[in-house]
1. So how much accessible area does residue A:310 have, in Å² to the nearest 10, using a 1.4 Å probe?
2. Rank-order A:537-548, A:38-49 by packing density, defined as the average count of other C-beta atoms within 10 Å over each peptide's residues, highest first.
3. Once the piece of chain linking residue A:273 and residue A:39 is laid out straight, how much longer is it, given 0.36 nm per residue of separation minus the C-alpha distance between them?
4. So if the hydrodynamic radius of the range A:517-569 is defined as the Kirkwood radius over C-alpha pairs, what does Stokes-Einstein give as its diffusion coefficient at 37 °C and 0.692 mPa s, in µm² per second?
5. So what is Rg over Rh here for the range B:12-73, counting just Cα atoms and using Kirkwood for Rh?
6. Could you give the angle, 0 to 90 degrees to the nearest 10, between helix A:515-524's Cα long axis and the longest principal axis of the Cα atoms of chain A?
7. What number, in nm² with one decimal, is the all-direction average of the projected area of the convex hull of the alpha-carbon atoms of the range A:429-546?
8. When DSSP beta bridges are limited to those with both residues in chain A, what percentage is antiparallel, rounded to the nearest 5?
Amino acid sequence: MIKKILFICIVILVPVQALGFDVTASVDRNQISLGQPVHLKIIMNNGEGDINIAPIKDFDVHSQGESTSITMSGSSIQKICTANYILFPKNSGQLIIPALAVKHAGQTVYTQPIIINVTKTSNKQSQSSDILFQASLQPQKPFIGQECIYTLKVMLATRVHQAQIGEPEFAGFTAQELPGRNKYDQRVAGKLFAVTEIKYLLTPIKNGQLSIGPATLNCQIPLASSNRPRSMFDNFFNDSFFSSSRLETKVFQTNPLEINVQPLPASPAGTIFSGLVGQFGISSSLSNNRLTEGDSTTLTVTISGQGNIMDAAPPKLDLPKQIKVYADSPREDIKLQAEGHKGSKNFAFALVPTAAGKLVLPAVNLTWFDPDLKQFRSQATKSLQLEVLPALNKPAMPALNQTEKTTSKPVSKQQVDFIHKDILPLNENLDCLQNRSSLPWSLFALFLISPLPFFIFCLVWAKLRNSETSQTRKIKLEIQKELQKADKQKDLHLLRNTLTKAISLKTGLSANLTEKEIIIALQKQGMNTDFCQQTVNTIQQVDNMLFGQEKNNLDEIYKNSQKIIKRLI
Amino acid sequence: MLISKKNIIILVLLGFTSLVIAAQSDIKSFMQAVSLYQDQKYQQSALEFESLASKNIVNGDLYYNLGNAYLKNENLGRAILWYERALRLTPNNPSLRFNLEYARSLTTDKAEYKAWPLLNVIFFWQNIFSSRTIQLSCLTFNAILWISFGLNFIWRQRLSRITGRISLILLITILPTAIYQLSLPFFSHAAIILPEQVSVYSGRTEKATKLFNLHSGAKVLLQNQKDGFAKIKFGENKVGWLPVKDIGII
């Protein structure tokens, strides 16, 4: 019986998985026009897998991400992963989405192939005339290294929701989005469009035929109820605040661009090409052109212009041998503008002349390629004169590793402001399910007073222990007082009582004892026989004096009694 | 009737099984709620989280997630309500404070409360530790205090005296905060306005004079409840009645 129950528990506790891992592929429609996208869903049951979409040749494939859901069916748990793709047909005709391989835990499972019929002519619904999405590149035939502007133009003549732009792949280019987006209105074929331009700075890094794929615009458009005749209130009530019309997700694509990147011609003989493509200039200056031997001065060479200025390398200096050169880190002042990079780059060199005399610093040359003129250009700085006076005491040369530090401007701190505002994400730990409530009043008070019994127990125990001790002390004090009184008043009765009390305290026995009993009791308490006998003799003497006629040796008796009582207590 | 060993084992096994099933069910609900949130289905996510909270799971992180789901669903009132509830349990959660601050920035009504700096200074522990941590600390110091003093009566040791004195100082520092937190629900109920806009009346009927309006997320003090209406106070001098269903008590 127990075994049966155990088996049932295990079956309930251990999630029963669906048998095996399987995949299915589905599309939202099988009939489209050229330019229209089709949504492909690959649904993986009971696990995740790696999907190989390389066999899809007839379409441009754009991934839309994956989602995961967990469903319960009776006692079983099923995990379903869905991968979403948007496919744009490359041609018209009968196109195939072939069987796709999905790898999961060492096994490969295939989807079923899907046929899509793509018609040539686009019907009215294939491209909304209210939304235009275009791409362009300026210049259209750039040189390698020349900065180009790639513009995405989104033109809307209708309201859209949740618009998302998918950037194309800029293979063969370095790409950077330019700050700021142009927004303006433009009338096209009598229709007013709100235009947004998004610009990217592209620099081709290789020559030849390069292509930039299409960018995608994913948005939701309200479905117009075209059957109902339009009224004057439509513009007001068609606003999203009032309208509860359905939204349709649409995807638009720009035209792909084929770009012929031209190679640079050969640089003129006798020049060294700096690698810069654009419009540039060069200048130089000396911080001090008259100095003593061993002192230093700074030569600053500035390259400025528009183009790939950040690629400017330190210029080659052809200086006299008497000058030692120490290069400093270049300083850049380059801004990214709508036309590309513009600014300057300063190269500072510390010069230390080792011999006196008049020295000439030759001009520094810069050769760059101007794409507007389609030819190389060169510019040289002016040559500079440096007068070095002999040192009076031949001061020591500055250390080889030292460079004259240029004064750097203090870095100004900036206020950090929010660019956008949003909330921080969820806490996904299962710790969220632990109960962390605080104690109610009653339980808290109960736990607060629970150590009290222990404290009271300790108190009582300590008091009991002390009470025995204090009782004894009290009696001892009494005896001492009585003894003093007896001695003072020469009161034999009191003396006799005091002796009896001392014996009782020591032995723990009652007052009326015979002499033999006194000796036995005192011996039991560790007193020696002589002391016991002496005690008994003293008591006898006191009794004789009390009841007899003898009054001699009173002082001696008192002294003996005192000694005995002191020893007893 | 004697219960045999066999039956006891069976009962224990069944009890254990049902506990585990219940725990698994909570985990599934939680994962479902997280998944819905990630899929931007915030309303459903909030309902899932709330079903867990209604099972008496008192947890500041769970309430924080509820606040997030409602805020993403643009339900500011409920978002701030759950954030405030989470703040009482986990006052030192920086993400919670950040999100609550953001949510408060979205409210329409300007709070007119005077700050009580003295109370914040005396009971400063409540801004650092959760009420559960404060209570447990109090009980620990209290136990150490009484045990140390009790032992000191018996053995008279210096160590027990020092331990007792330190515990006493710590207990004196933290116990008022624990008592303050426990007594708060008895004399002060804070509540949050839930709908976008609600009218506050001079009486317990919607036919009474409309005194002022409050908006979603505004924090009020609940003074009384009767006939389905709640008497609230907003700021220093704005008092009135509104339907109980329009507020959420923190």
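The values are calculated or read from the model by the stated rules, or taken from the named source; none is laboratory data. Here the structure is a predicted model, which means the values were calculated and not measured. A quick note on method: Cβ atoms are made from the backbone with ideal geometry, for glycine too, and the neighbour counts reach across all protein chains shown. Just the protein is used for accessible areas: all its heavy atoms, side chains included, with ligands, DNA and RNA removed. Shrake-Rupley method; radii C 1.70, N 1.55, O 1.52, S 1.80 Å.
1. Counting only protein heavy atoms, the figure is 70 Å².
2. In decreasing order of mean packing, A:537-548, A:38-49 become A:38-49, A:537-548.
3. 79.2 nm
4. For these conditions, the coefficient is 283 µm²/s.
5. My calculation of the ratio gives 1.07.
6. On a 0 to 90 degree scale, this one is about 20.
7. Quarter of the Cα hull surface area: 15.0 nm².
8. The antiparallel proportion sits near 95 percent.
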